[in-house]
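S.K.: Can you keep this structure in mind? I'll have questions shortly.
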Amino acid sequence: MALINVDFYAESLDLGTSMTVVLPQEGDSPPPLLYLLHGLTDDHTAWTRYTSIERYAYDHQLAVVMPQVHRSFYADEAYGMKFWTFLSEELPRVVHRFFRVAEGREQTYVAGLSMGGYGALKWALREPHRFAAAASLSGAVDLAWLQKHDDRPHIREVMDRVFAGRDVTGTGDDLFHLLERADRAELPRLMLRCGTGDHLFEQNERLVHACARAGIPLDSEFEPGGHEWSYWDRHIPRALDFFLKS
């Protein structure tokens, strides 16, 4: 496997940014592609620093793209930069311009942890034509609840900067709203994992119930675990199995 740090200029951000990429070195055809998204306090290097994602990708001969989006909740920020535009429009163009990887929906996947779990489901629900499957690990999936009820200073700062008081309930940033509006026939396969000791556990339970009400299939499982890298390192291989062996 090749591990590559890519520094490049993003037109949608008007800023130099970075992504970490893992690429297979063998094979005659372009490898399947996973966009793997980081959490609120992480960056594009976190998955390779704290998990064995490179080794897991080797087992599946999978290309993995890990972009940098800062503390944006994968949104176009009210006071900041257009990270949703970057993620959904510019990043795929850049990836396919730079690397020989699979282009079709049937071999493209998205996953993430915490804020990145939210981002992965948001991307899959808003642009289901892009992905065969999506997975959220310990996702911050109920953004409307966070916006209204989480009084931690760092969460308040992020919400104020990204949304500037705009209520996300019933918008394209609200996963529950997206689920209600989704065409089940068009959706990718969805997976959700969260530890029962995670502070986001109740949010994830609510999302499981919302999928059930909407008749949307969701591979979900809860087991002991917290909001921690040991949990995510244990479950990202299961997500890859879900993507590539289902």
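S.K.: Could you give log10 I(q)/I(0) at q = 0.13, 0.19 Å⁻¹ for the stretch 167-223, computed by the Debye formula over C-alpha point scatterers of equal weight, without solvent?
M.R.: Relative scattering, expressed as log10 I(q)/I(0), comes to -0.34, -0.71.
S.K.: Can I ask one more? Please identify which residues in the stretch 31-75 have an amide N closer than 15 Å to a label point set 7 Å out from the Cα of Lys245, following the Cα→Cβ vector.
M.R.: Inside the label zone: 56-62.
S.K.: Cut-off is 10 Å between beta-carbons; in what order do His44, His96, His60 appear when sorted fewest neighbours first?
M.R.: With the sparsest Cβ surroundings first, the list reads His96, His60, His44.
S.K.: Sort Arg193, Arg130 so that the residue with the fewest other Cβ atoms within 10 Å of its own Cβ comes first and the one with the most comes last.
M.R.: Taking fewest neighbouring Cβ atoms as first place, the list is Arg130, Arg193.
S.K.: Determine, from the Cβ-Cβ distance of Glu103 and His209 and an R0 of 30 Å, the FRET efficiency 1/(1 + (r/R0)^6), rounded to the nearest 0.05.
M.R.: 0.25
S.K.: Fewest first, what order do Glu54, Glu157 take by the number of other Cβ atoms within 10 Å?
M.R.: Fewest to most other Cβ atoms nearby, the residues stand as Glu157, Glu54.
S.K.: Right, another one. Rounded to the nearest 500, what is the 222 nm mean residue ellipticity of the chain from helices alone, with -39500 (n - 2.57) per DSSP H run of 4+ residues and division by all residues? Intermediate results must be reported in sequence, preceding the final value.
M.R.: Working: 9 runs with 89 residues, N = 246.
Dividing the helical sum by the residues of the chain leaves -10500 deg cm²/dmol.
S.K.: If the stretch 193-246 were replaced by its equivalent ellipsoid, with semi-axes equal to the square roots of 5 times the Cα gyration tensor eigenvalues, what would those be, largest first, whole Å?
M.R.: Taking √(5λ) for each Cα gyration eigenvalue gives 19, 17, 6 Å.
S.K.: Would you kindly derive the ³J(HN,Hα) couplings of the stretch 217-232 from the backbone phi angles with the Karplus curve 6.51 cos²θ - 1.76 cosθ + 1.60 (θ = phi - 60°), listing them in order in whole Hz, with x for Gly and Pro?
M.R.: With the stated coefficients, the stretch 217-232 comes to x, 9, 7, 10, 7, 10, 8, x, x, x, 8, 7, 5, 4, 5, 5 Hz.
S.K.: Search the structure for amide H atoms under 5 Å from the amide H of Asp219, placed 1.01 Å from N in the peptide plane, and list their residues when 5 or more places away or on another chain.
M.R.: Distant-sequence amide H within range of Asp219: Leu190, Met191, Leu192.
S.K.: Fully extended, how many nm does the chain gain between Asp183 and Ala164 (0.36 nm per residue separation, minus their Cα-Cα distance)? Before the final figure, lay out the partial values.
M.R.: Details: separation 19, 0.36 × 19 = 6.84 nm, distance 3.03 nm.
Stretched fully, the Asp183-Ala164 segment lengthens by 3.8 nm.
S.K.: For the chain, list log₁₀ I(q)/I(0) at each q in 0.09, 0.16, 0.17 Å⁻¹, using the Debye formula over Cα point scatterers of equal strength and ignoring solvent, two decimals each.
M.R.: -0.34, -1.19, -1.36
S.K.: Turning to a different aspect of this structure: Which net charge results when you count Lys and Arg as +1 and Asp and Glu as -1 among the other residues whose beta-carbon is under 13 Å from that of Met191?
M.R.: Net of charged neighbours comes to +1.
S.K.: I would also like to ask the following. If the chain between Glu11 and Asp150 were fully stretched, how many nm would it gain, using 0.36 nm times the residue separation less the Cα-Cα distance? Before the final figure, lay out the partial values.
M.R.: Values: separation 139, 0.36 × 139 = 50.04 nm, distance 3.32 nm.
Length gained, Glu11 through Asp150: 46.7 nm.
S.K.: With an 8 Å Cα cut-off and a minimum separation of 6 or more residues, compute the relative contact order for the chain in percent.
M.R.: For the chain, the relative contact order is 18 percent.
S.K.: Another question, then. What number comes out for the charge environment of Tyr50, summing +1 per Lys or Arg and -1 per Asp or Glu over other residues with Cβ under 10 Å away?
M.R.: After counting each charged neighbour, the total is -2.
Read the figures in this text as sums done on the coordinates, not as results from a lab. Values in this document were obtained by computation on a predicted structure and should not be read as measured data. Here the Cβ is made from the backbone with ideal geometry for all residues, glycine too, and neighbour counts use every protein chain on show.
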